[in-house]
Amino acid sequence: MVPLHPVMDGRHLSLPKMFNILTQKFPISVTIDSEKCYLKTDFKRWITFELVTANQSLAEEQKLAIILPLCLKKLPSSLETAVKACKTFYLGERNVEKTETDSKSKAIYSFLYDSELIYSAFMTQYNIDLACTSMHWYKFRALFKGLNADNKFSEIMYYRNMDLSKIKDMELREKYRKLKKFWGLPDVRTEDEKTEDFVQAVESLF
């Protein structure tokens with residue numbers, strides 16, 4: 001029998017290392033400073049967690065009032081532990097140090113601006129109605145990463161990620177420039193910058 005990954009004890013994530021969906025059960029808690037914190041794992045909660053935490057119009061007290069009951073089944077002994085538990089579970093393998101290639105990747109999707117496209121993509125490819133489905137956050141992320149290239153959402157991400165400088169044909173470059181502009185996101189930070197800003201936003205809560 002293949003042993004569990006060493007960072008796992010049953011369904012309890014002990015360290016912010018790479019989660020292996022093939023050999024491990026979906027975690028329901030994280031351990032922070034030797035304290036086990038049980039979390040609510042549905043993907044809708046963690047998408048909301050991201051949006052609330054990144055919302056600069058909310059005060060830190062307002063963010064905490066929303067995300068802690070949203071994501072935790074029971075508050076741990078300290079506020080700092082609670083916030084760290086949410087951050088660790090949300091980020092998952094993104095806690096692992098990024099490579100130089102990762103840091104250069106562009107922000108090509110948004111759970112806020114692309115919600116209808118993502119809903120449609122899941123319905124088309126997986127026959128999953130996200131509006132009526134409960135799903136572990138890590139399962140949602142895995143399916144999200146596996147979306148086919150032939151759906152509209154993937155097509156739009158392709159336009160956003162296109163390097164126009166590599167297109168020699170002027171007419172073709174202008175065509176894709178217009179498509180890239182039309183489907184462009186208001187937030188143009190790289191994925192690395194988004195993650196860094198998100199971590200800083202979470203850490204500012206305590």
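With all pairs of different alpha carbon atoms counted, what Kirkwood hydrodynamic radius in Å does region 39-182 show?
Kirkwood radius, region 39-182: 17.6 Å.
Using the basic label-point model (7 angstrom from Cα toward the beta carbon), what is the Ala65 to Ser120 distance in nanometres?
Result for the modelled spin labels: 3.7 nm.
Just to make sure I understand: if all protein chains stay in place, what is the order of Trp183, Trp46 by accessible area at 1.4 Å, largest first?
Trp183, Trp46
With every protein chain kept in the model, how would you rank Ile128, Ile118 by accessible area, 1.4 Å probe, largest at the top?
If we order Ile128, Ile118 from most to least accessible, we get Ile128, Ile118.
Counting heavy atoms of the protein chains only and a 1.4 Å probe, report the per residue accessible area for region 131-203 as a whole number of Å².
64 Å²
Output the pairs from Lys84/Lys180; Lys44/Lys181; Lys145/Lys194; Lys25/Lys87; Lys36/Lys145; Lys152/Lys175 with a Cα-Cα distance over 25 Å in this structure; if there are none, say none.
Checking Cα-Cα distances, Lys84/Lys180; Lys44/Lys181; Lys36/Lys145 exceed 25 Å.
Can you put Glu35, Glu61 in order of accessible area, largest first, using a 1.4 Å probe?
Most to least solvent-accessible, the answer reads Glu61, Glu35.
Once the Cα gyration tensor of region 129-170 is diagonalised, what are the square roots of 5 times its eigenvalues, in whole Å and ordered largest first, as equivalent ellipsoid semi-axes?
Equivalent-ellipsoid dimensions as semi-axes: 31, 10, 7 Å.
The values are calculated or read from the model by the stated rules, or taken from the named source; none is laboratory data. Note that the structure is predicted; figures quoted are calculated from it, not measured. Every residue, glycine among them, receives a Cβ derived from its backbone with ideal geometry; neighbour counts consider all protein chains shown. Note: areas computed on protein heavy atoms with side chains; ligands, DNA, RNA excluded. Shrake-Rupley method; radii C 1.70, N 1.55, O 1.52, S 1.80 Å.
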